[in-house]
1. Check each of the GluC sites (Glu not before Pro) in segment 55-98 and keep only those in coil by DSSP with at most 16 other C-beta atoms within 10 angstrom; list them in order.
2. Report the Cα centroid-to-centroid distance between segment 122-147 and segment 1-42 in angstrom, as an integer.
3. Just from its helices, what would the mean residue ellipticity at 222 nm be for the chain, if runs of 4 or more DSSP H residues each count -39500 (n - 2.57) and the sum is divided by every residue, rounded to the nearest 500 deg cm²/dmol?
4. At what distance in nm do the modelled label points of Arg131 and Ser149 sit from each other, each positioned 7 Å from its Cα along Cα→Cβ?
5. Where both partners of a DSSP beta bridge lie in segment 1-127, what percent of those bridges are antiparallel, to the nearest 5?
6. Output the pairs from Lys85/Lys207; Lys85/Lys146; Lys108/Lys154 with a Cα-Cα distance over 28 Å in this structure; if there are none, say none.
7. Counting only DSSP beta bridges with both residues in the chain, what percent are antiparallel, rounded to the nearest 5?
8. Which of the listed residues, Val173, Val47, Met190, is farthest toward the dipole's positive end in the chain, when Lys, Arg count +1 and Asp, Glu count -1 at the beta-carbon?
Amino acid sequence: MRTLFIGDLHLSADRQDILNAFYLFLDTGLEQVDALYILGDLFEVWVSDDLAEPFALALAERLYEVSRSLPVYFIHGNRDFMLGKDYAAKAGMTLLPEVYRLDLYGHKTVLLHGDSLCTLDKAYQRFRRFRNMALPRWIYRHLPKKTRSNIAAKLRQNSQMQNQLKSVEIMDVEPSAVEELFADTGAELMIHGHTHRPDIHQLAGNKQRLVVGDWYEQGSVLSISADNIALTSLPFIE
C-alpha cells in the first residue's frame, strides 16, 4: 500500500489537457492506495464555493466517488485559499489546516502547500497574513458575486505580473524557514508544493524535503510506502 501526494494542478476550464490528465489519474492511478493528499492549488483560481464553475462541479462528483474508496485530503494553496466546506463536502474532501502533522508509515511528517516557506517574498507574505484574517474573509464572502469575481481576477492578474519580475531565489523556499518548521514540528519528512520545482532533497539529520511538481506541462505524483519514496511524472496523452 502507498499514500499519494499531488498539488499545483491549476485546473481551469481553458486547460482541458490538464483536466483530462487528472481524470485519467483518478481512473487508473489509485490502486493499492491508502490515501490521496492534495497540497493546494488544485484550481488556478477559486472565487468562492457558490461561484464554482461547471467543470469544478463535475470534478467534485468524480472526487466524491474516489472518496468512497479512500480518504481524500485537501490543504489550501495560494490560488484556492477560499475553497470552503461546501465544495469540500461535495468533493468528499477533508479540509486540513495549513500545516498538518501525521505519522506516515512510522515517520513523523509535516504537510503544507509551501508558500509560507517563501519568506524572502515580503510583499506576498504581507498579503498572505491579510488574506488569512477573519474579518477580510468575512467581508469578501458577503460581497456581491460579480464583485468577488472581479477581485479574484485582479488578484490572479497581479500575481502573474509580479511573478515575472521576481527572482528565482525570492520565489523558492528559504532554508531558514524550512529548518524552523522542522524544529517546530519534530518532523523527519516535509512534503509541499507551490514552487513548481519537484525534487527529493536530502537534508542534515537524516531529514528529507519532498516537493511535488506542478501539472502545467505534465502530471506529478509523489508516492510513499513503508519502504519506498518515488516522485513520478505523468506525460499528457494527446
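1. The qualifying sites are Glu98.
2. Measuring centre to centre over Cα atoms gives 27 Å.
3. Rounded to the nearest 500, the figure is -11000 deg cm²/dmol.
4. 2.0 nm
5. Percentage antiparallel, nearest 5: 30.
6. Lys85/Lys207; Lys108/Lys154
7. Looking only at bridges with both residues in the chain, the antiparallel portion is about 50 percent.
8. The residue sitting most towards the positive pole is Val47.
Laboratory data are not the source of any read-out in this text; all were calculated from the coordinates shown. Computed from a prediction, not measured in an experiment: that's the story for all the values here. Ideal geometry is used to build each Cβ from the backbone, glycine not excepted, and the neighbour counts take in all protein chains shown.
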